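> Submitted below is the structure of interest, expressed as structure tokens.
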Amino acid sequence: MNKKTTKKEGLCALTGNRGLYVKAHIIPLAVTRLDVLGERARQTGLDVIPGWRSTSWYDDELVTQSGEDILKAIDSDGINDLKKHKLIWSGWQNEWNKLPDEYISHRFSEHLAVRKLDNVSFDAIRLLYLSILWRSISSKRKEMAYVKNLSTINMDLLRDMVINRNPSDYFKFPMILNQISTRGTLHNRTPIFEERAFD
């Protein structure tokens, strides 16, 4: 017998409007979709008992439909640009096991190279990552607990940037993207927790 789940009602963490909560992926489904029908991923976090999931982390008490519509639009624009410039595997041709040399601007060694990208929508990509940061911090999921370390002022700023689709100045929430140039083996797509010091 199937269990019928009732949607909960509450305040949308993004828009502040009251309504029915919808399922919102923290890391967009388009970049975490499993390759095989029926496949399940191992999902875990710091101090969290691992479990199996048929889809990536989501929070069903984070946003209402109006908030999810904003997040979907941000996801679509950012992921389309990542795919267009071959920055994520889902933008690669199926037979590629590594990024072809034609996409490399300068190679320093076998394992280190630089790419020069033209006509990139940096704002769209930046907004995608800012929205993932906002989702991670705003989520009450135990797996996201380690991300919650922003002040109220910075959290309000981040929320405003996401809701208004405003990437703002690049020194606010700076980010570095490193491209993995080999496809690698399929894995459970669990995010890696790292610390990095900045001057």
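> For an R0 of 22 angstrom, estimate the FRET efficiency from the Cβ-Cβ distance between LEU20 and LYS140 and round to the nearest 0.05.
0.80
> Around LEU177, with a cut-off of 11 angstrom between Cβ atoms, what is the net charge of the other residues, counting Lys and Arg +1 and Asp and Glu -1?
+2
> Give the separation of the Cα centroids, the range 142-186 to the range 78-125, in Å.
The range 142-186 and the range 78-125 have Cα centres separated by 21 Å.
> Holding the Cα-Cα limit at 22 Å, pick out from LYS8/LYS72; LYS23/LYS142; LYS86/LYS116; LYS140/LYS172; LYS72/LYS116; LYS116/LYS172 the pairs that are longer than that.
LYS140/LYS172; LYS72/LYS116; LYS116/LYS172
> Among 61-73, 105-117, what's the highest-first ranking by average C-beta atoms within 10 angstrom per residue?
61-73, 105-117
Every number here is computed from the coordinates shown, using simple stated rules; none is lab data. Quantities reported herein were computed from a predicted structural model and do not represent experimental measurements. Reconstructed Cβ throughout: ideal geometry from the backbone, glycine too, with neighbour counts over all protein chains shown.
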